[in-house]
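Report on one structure; see the data block that follows.
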Amino acid sequence: MDKNRKLKLGVLIVGKGLNRSSWRHREMPSDASENIDFYIQQAKFAQDAKFETLFLVDKSHVGPDDIPYYLRMFDGSTLMSAIAMATNQIGLSFTASSSYSQKNLVNNEK
């Protein structure tokens, strides 16, 4: 076994979080999903904790079963550009949709 192996960690950031009730936490800013400074703060925290990369998932549509604050999400390239200006020791990656979901359109056809 190689004793020089290192664990590489990545972090996914999503505004107020992936839990439907995370907005209720007393330390969660009410505008977390639409506050670039909040995302930058989270990125710096991950960088200081020695995470290897930060990841942002693109959301190209919002449906009736989605968490309500998904309506207020930044475009990945805009957000990562702002984070890149404030960090220098963490990788940044994000997904970007090349098309839009037909999920809700199919259900609403007459």
Quick check: anything in the stretch 91-107 assigned to a helix (DSSP H, G or I), of a type outside the set (Lys, Arg), surrounded by fewer than 14 Cβ atoms within 10 Å (Cβ to Cβ) and at pLDDT 85 or above?
-> no
Answer residue from the stretch 21-44, given it is of a type in the set (Asp, Glu) and either farther than 16 Å from Ser81 by Cβ or open to solvent by less than 40 Å² (accessible area, probe 1.4 Å) (or both) and is nearest to the chain's Cα centre (by Cα) among those | Glu34
Looking at the stretch 62-77, is at least one residue under 18 Å from the mean Cα position of the chain (by Cα), modelled with pLDDT of 80 or more and open to solvent by 60 Å² or more (accessible area, probe 1.4 Å)?
-> no
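The values are calculated or read from the model by the stated rules, or taken from the named source; none is laboratory data. Computed from a predicted model, the values in this text were never measured in an experiment. Reconstructed Cβ throughout: ideal geometry from the backbone, glycine too, with neighbour counts over all protein chains shown. Surface accessibility is based on the protein's heavy atoms, side chains included, excluding ligands, DNA and RNA. Shrake-Rupley method; radii C 1.70, N 1.55, O 1.52, S 1.80 Å.
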